[in-house]
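Read the figures in this text as sums done on the coordinates, not as results from a lab. Fair warning: this is a prediction, and the values are worked out from it, not measured in the lab. Cβ placement follows ideal geometry from the backbone for every residue including glycine, while neighbour counts extend to all protein chains displayed.
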């Protein structure tokens with residue numbers, strides 16, 4: 001309980017103007033609270049259980065992604081991008097690699113692009129499964145969480161089959177990917193998507209029309225279109241407000257303009273709309289994956305541009321040119337042309353943008369990340385004031401805060 005002197009100091013009031021018949025308490029929620037992920041703190045002022053003021057504070061993780069990247073070779077940044085959104089690391093791999101390719105003025109081969117779409121959409125689905133499942137668990141729907149995590153396991157096994165890792169994938173390269181589709185991957189993909197669709201159908205019956213769940217999230221944490229735009233929202237949070245903005249459609253990249261998909265939108269921008277939008281986006285991503293698999297072309301999975309990819313081992317050991325190229329790539333790294341670019345891509349949370357500056361050397365001059373969930377955390381006071389303290393959990397869960405990209 002906050003004493004009278006402290007309360008007056010914090011609220012800027014005096015004893016003559018403050019009615020203490022109902023006490024206002026200052027309560028710290030997080031970073032130790034299990035729903036706060038260990039890296040966010042909300043300083044809240046409560047009138048009983050009603051939130052009258054809130055101040056978010058980040059900075060408990062402080063990963064230092066941007067400065068670490070600026071002190072590394074261009075190619076050494078790719079493993080760091082895994083640690084941004086560690087729930088959908090492939091989307092960060094793809095975004096950064098495409099940004100460097102934009103500096104070079106090149107594009108990956110078509111087979112590599114279609115493969116990136118498949119793996120990126122798998123990553124988007126695992127992101128949504130984690131977000132929706134965990135948010136539901138935090139308000140009591142534990143069975144729903146277990147089923148969604150089972151579905152995520154099916155897809156993470158595909159990610160491991162492709163990249164050799166489940167979480168820190170380090171998969172893309174400038175001008176392509178580190179490896180091609182493994183044998184039998186597309187048939188495994190078809191089987192896993194079928195299992196995913198079955199789980200989605202069961203979970204839809206379990207929760208979407210569940211009165212207890214709806215009462216817990218309907219009209220909670222709503223934000224208007226105008227406010228969402230003013231805060232710089234993107235991704236499912238923006239689309240839940242009724243604005244159909246998706247980077248894949250608004251500023252097409254890779255081969256998304258060759259694929260057919262819908263952009264789900266909500267109407268009120270509350271927690272329930274965010275749930276529905278993510279559920280439908282899982283279905284749309286499943287459709288995108290199937291289309292990309294059906295259209296998968298033959299051909300190389302890596303560019304043949306010299307000094308962009310590491311030479312084959314047979315060339316390294318078999319001729320002097322290959323040995324020299326390998327030595328220069330390892331010791332000096334890539335040298336994108338001098339210039340600056342911004343590359344936006346659609347991540348699991350929204351627009352992931354990489355701003356890169358090159359002076360033509362082997363190290364980036366500037367690496368700047370546009371993290372989507374930074375804007376959401378900034379808007380937490382707007383979405384929570386006027387609600388009860390228990391509503392912080394579903395509201396915060398619905399924004400899908402990822403610490404690596406937030407506190408980069």
Which label in (1) 1.05; (2) 1.01; (3) 1.03 gives the computed Rg/Rh (Cα atoms, Kirkwood Rh)
(3)
In degrees from 0 to 90, rounded to the nearest 10, what is the angle of the helix 142-163 Cα long axis to the longest principal axis of the chain?
20
Most exposed first, judged by fewest Cβ atoms within 10 angstrom, 383, 329, 237, 401 run 329, 401, 383, 237
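How far, in nm, would the chain grow between residue 47 and residue 315 when pulled straight, counting 0.36 nm per residue and subtracting the alpha carbon separation?
Using 0.36 nm per residue and subtracting the Cα-Cα distance, I get 89.3 nm.
FRET efficiency for residue 332 and residue 212, Cβ-Cβ distance as r, R0 = 60 Å, nearest 0.05?
Approximately 0.50, to the nearest 0.05.
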Quick one: length gained pulling residue 25 to residue 388 fully straight, 0.36 nm per residue minus the C-alpha distance?
129.4 nm
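Given the rule -39500 (n - 2.57) for each run of at least 4 DSSP H residues, summed and divided by the residues of the chain, what is its mean residue ellipticity at 222 nm, to the nearest 500 deg cm²/dmol?
Mean residue ellipticity, 222 nm, calculated: -14500 deg cm²/dmol.
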Ranking 125, 402 by Cβ neighbours within 10 Å, fewest first, what do you get?
402, 125
Please report 63, 278 as a ranked list, fewest other C-beta atoms within 10 angstrom at the top and most at the bottom.
63, 278
